[in-house]
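Enquirer: First the structure, which I've put down as structure tokens, then a few questions once you've had a look.
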Amino acid sequence: MAAKDISGSSDRTDGFRKANQRGAARLAAVQALYQMELAGTGLNEILAQFETHWLDGDVEGVRYRPAEAAYFRDIVGGVVREQSLLDPKIDAALTRGWPLKRIEMVLRAVLRAGAYELACRKDVPAQVVTSEYVDVASAFVDREETGMVNAVLDQLARQLRAAEFGSG
């Protein structure tokens with residue numbers, strides 16, 4: 001699944017470069033999760049495939065930002081490990097009548113990756129997680145669907161990280 005490069009320019013400060021590598025890792029993680037669900041690819045196989053062919057920034061002759069491999073592995077492995085806990089939380093945040101299983105696969109991948117980071121990567125501010133995954137979603141879907149991603153992840157962030165939002 002091809003997506004536009006949303007990871008920005010890497011010729012600034014090291015901190016900016018690291019953020020871009022994490023953005024690229026998030027994009028690659030969503031693509032990997034999508035491919036896992038679409039093709040039934042296993043975790044070890046998808047990690048090896050992406051680390052060999054995607055994470056260095058050259059995908060089928062197109063240059064992308066190199067991804068932070070450890071961050072990519074953490075997201076993909078974390079989603080697989082925590083999916084049985086994450087999916088009910090996502091379902092509860094979705095509009096009634098639209099359970100997660102009815103959402104298109106790429107959006108499920110975005111929501112699962114975002115929910116994983118909100119639940120398990122407390123080192124990344126909730127608003128950054130939400131914003132990053134809205135950007136990732138925009139590489140694949142239209143504005144209405146990115147609004148849904150924003151709403152669901154914001155609701156999850158307020159539940160999972162109430163302290164970051166004041167009185168919660």
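Enquirer: Carbon and sulfur: what percent of segment 69-130's accessible surface (1.4 Å probe)?
Expert: 54
Enquirer: Got a sec to turn the phi values of segment 120-127 into Karplus ³J(HN,Hα) couplings, 6.51 cos²θ - 1.76 cosθ + 1.60 with θ = phi - 60°, whole Hz, x for Gly and Pro?
Expert: Along segment 120-127, the couplings run 10, 10, 5, 6, 10, x, 4, 5 Hz.
Enquirer: Counting alpha carbon pairs within less than 8 Å and at least 6 residues apart, what relative contact order, in whole percent, applies to segment 85-155?
Expert: Once divided by the residue count of segment 85-155, the mean separation gives 33 percent.
Enquirer: Viscosity 0.890 mPa s, temperature 25 °C: what is the translational diffusion coefficient of segment 36-151 from Stokes-Einstein with a Kirkwood Rh over Cα pairs, rounded to a whole number of µm²/s?
Expert: Translational D for this selection: 163 µm²/s.
Enquirer: Per residue, what accessible area does segment 32-141 have, given a 1.4 Å probe and all protein chains present, in Å²?
Expert: Per residue, segment 32-141 has 48 Å² of solvent-accessible surface.
The values are calculated or read from the model by the stated rules, or taken from the named source; none is laboratory data. Predicted model only: the values in this text are computed from it and were never measured. Surface accessibility is based on the protein's heavy atoms, side chains included, excluding ligands, DNA and RNA. Shrake-Rupley method; radii C 1.70, N 1.55, O 1.52, S 1.80 Å.
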